[in-house]
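Visitor: Before I ask anything, let me first share the structure, which is written out below as structure tokens.
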Amino acid sequence: MLIDNHNRTINYLRLAVTDRCNLRCNYCMPSEGINFAENNNLFTIDELCRLSDILVSQGIDKIRITGGEPFVRKDLMVLLRYLADLEGLKDISVTTNATLVGPYINELKELGIKNINVSLDAIDRATFERITRRDQYDTVHNNLIRLISEGFNVRINFIALDGQNTQDILPILDLAKHYNVSVRYLEEMPFNGGSKSFQTIAWDYKKILEHIKEAHPNYYKLDSPKTSTSINYKIPGYKGTFGVIPSFSRTFCGSCNRLRISATGDVITCLYAKASVNLREIMRGPNSEENIKLEVLDAIGKRSKTGFEAQEKYKGVFSNSMTSIGG
Ligand code: SAM
Ligand code: SF4
């Protein structure tokens with residue numbers, strides 16, 4: 001079992017399998033992209049399988065595959081097939097922009113991978129294209145509806161971006177009206193590859209909730225698991241639900257059960273902290289299994305208690321991009 005220095009059990013790994021992406025969301029990276037890692041600086045699929053194996057043997061029982069865009073890796077399904085068979089792993093989920101998932105939907109279903117988060121920050125086509133800087137609206141929308149219709153447990157991640165998409169906060173809720181889907185509103189975080197910096201946000205979770213309340217005064221709160229980062233609600237008569245994730249306000253740090261491994265192998269114990277160690281060369285060196293276990297234990301033993309404490313300690317982490325951290 002992995003237990004941190006604040007007595008929190010760490011059982012959830014967010015594994016970024018690449019830092020590359022076919023979109024250029026303006027809150028995530030600059031229009032020209034970031035300095036993407038060379039292939040040799042990413043784990044091979046074989047290494048990702050071994051890494052998952054080692055961490056599951058240590059107590060990780062939930063892995064979320066993220067990126068960059070996970071499906072830009074042509075060999076992603078090799079990893080997912082491996083994880084689907086990995087004893088001790090109870091939950092595999094994927095976060096995707098839904099541009100490339102189409103050909104894999106049937107196999108994901110066969111493998112029993114049910115939890116898919118789709119990032120969609122606009123229901124209006126022009127707004128989508130302005131934010132993502134690409135014209136993939138139809139593909140994303142079609143794949144989203146297919147995933148929902150095929151019975152996946154789909155959660156839509158919508159970042160409330162001041163001056164960009166807040167007019168879509170209410171219209172996108174229509175998806176939860178008609179489908180059994182959860183629309184989750186995230187606060188913007190300053191991990192955008194240096195595109196812009198900010199100390200405060202206009203649209204925090206309270207403002208998002210007030211805005212929704214004006215249109216839907218009868219929504220009510222749902223019970224959520226203790227380690228959930230989202231606070232969840234239901235509007236009477238709606239098939240789905242909605243939630244807010246205070247990712248900038250950081251109200252959930254006390255129960256954080258997450259460990260992140262970036263696309264290039266950095267171990268990140270808090271989004272607002274610097275990497276503790278890089279596992280790539282350790283993985284490629286002698287006694288890799290033992291050494292990885294030791295390094296991960298060491299990192300977990302030195303976690304900041306909250307994102308605010310980490311931010312105070314590690315100034316300057318904000319030039320990172322989510323495309324290498326994995327969100
Ligand atoms: N490409 C995939 C996608 O977009 O779903 C997976 C990787 S993406 C980095 C993972 C999550 O991070 C997405 O839900 C995305 O919206 C979120 N994200 C990226 N940049 C962010 C930022 N600056 N603030 C808050 N969330 C961010
Ligand atoms: Fe790509 Fe996801 Fe970042 Fe958008 S949020 S640029 S889809 S990695």
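Visitor: Once fully extended, how much extra length lies between Lys302 and Asn22, figured as 0.36 nm per residue of separation less the alpha-carbon to alpha-carbon distance?
Guide: Stretched fully, the Lys302-Asn22 segment lengthens by 97.3 nm.
Visitor: At R0 = 51 Å, how high is the FRET efficiency between Arg146 and Glu281 if r is their beta carbon distance? Nearest 0.05 is fine.
Guide: The value I calculate is 0.80.
Visitor: So, one more: Label Ser249 and Ala126 with points 7 Å out from Cα along Cα→Cβ: what is the distance between them in nm?
Guide: 3.2
Visitor: Which whole-Hz ³J(HN,Hα) couplings does segment 241-251 yield from phi under the Karplus relation 6.51 cos²θ - 1.76 cosθ + 1.60, θ = phi - 60°, glycine and proline marked x?
Guide: Rounded to whole hertz, the list is 10, 9, x, 10, 10, x, 5, 8, 6, 6, 8.
Visitor: Follow-up question, since we're still on this one. How long are the semi-axes of the equivalent ellipsoid of segment 181-327, taking √(5λ) for every eigenvalue λ of the Cα gyration tensor, in whole Å from largest down?
Guide: Ellipsoid half-lengths, sorted descending, are 34, 18, 13 Å.
Visitor: Under a point-charge model restricted to the Cβ atoms of Lys and Arg (+1) and Asp and Glu (-1), what is the dipole moment magnitude of the chain relative to its Cα centre, in debye to the nearest 20?
Guide: Values: 41 positive and 38 negative charges, 136 e Å.
In debye, rounded to 20, the chain gives about 660.
Visitor: Of all the accessible heavy-atom surface of segment 96-217, with the other protein chains kept in place and a 1.4 Å probe, what percent is carbon and sulfur?
Guide: That share works out to 45 percent.
Visitor: Calculate the FRET efficiency for Glu87 and Glu309 from the Cβ-Cβ distance with a Förster distance of 41 Å, rounded to the nearest 0.05.
Guide: 0.70
Visitor: Note the full-extension length gain between His6 and Asn218 as 0.36 nm times their separation in residues minus their Cα-Cα distance, in nm to one decimal.
Guide: The span from His6 to Asn218 would gain 72.5 nm if fully extended.
Visitor: Tell me, what is the per residue accessible area of the chain in Å², probe radius 1.4 Å?
Guide: Details: 14160 Å² over 327 residues.
Per-residue value: 43 Å².
Visitor: Please list 3J(HN,Hα) in residue order for segment 13-21, calculated via the Karplus relation 6.51 cos²θ - 1.76 cosθ + 1.60 where θ = phi - 60°; whole Hz, with x for glycine and proline.
Guide: Per-residue couplings from phi come out as 9, 9, 10, 8, 9, 6, 9, 7, 8 Hz.
Visitor: Let me have the 222 nm mean residue ellipticity of the chain computed from DSSP H runs of 4+ only, each contributing -39500 (n - 2.57), with the sum over all residues rounded to the nearest 500.
Guide: My calculation for the chain gives -8000 deg cm²/dmol from helical runs alone.
Visitor: Just the isolated ones, please: cysteines in the chain lacking another cysteine beta carbon under 4.7 angstrom.
Guide: Singleton cysteines: Cys21, Cys49, Cys253, Cys256, Cys270.
Visitor: I've got another one for you. Quick one: if you take sqrt(5λ) for each eigenvalue of the C-alpha gyration tensor of the chain, what semi-axes come out, biggest first, whole angstrom?
Guide: For the chain, the ellipsoid semi-axes come out as 30, 22, 20 Å.
Visitor: In addition: Mind listing which chymotrypsin sites (Phe, Trp or Tyr not before Pro) in segment 189-229 are in a DSSP loop and have 16 or fewer other Cβ atoms within 10 Å?
Guide: For chymotrypsin sites (Phe, Trp or Tyr not before Pro) across segment 189-229 that sit outside H, G, I, E and B with at most 16 neighbouring Cβ atoms in 10 Å, the list reads Phe198.
Visitor: Still on this structure: Once both labels are modelled 7 Å past Cα along the beta-carbon direction, what's the Lys274-Asn41 spacing in nm?
Guide: 1.7
The values are calculated or read from the model by the stated rules, or taken from the named source; none is laboratory data. Just so you know, these numbers come straight off a predicted model, no measurement behind them. All Cβ positions, even for glycine, are placed from backbone atoms using ideal geometry, and neighbour counts span all protein chains on display. Accessible surface is based on the protein model in full, side chains and every heavy atom, while ligands, DNA and RNA are left aside. Shrake-Rupley method; radii C 1.70, N 1.55, O 1.52, S 1.80 Å.
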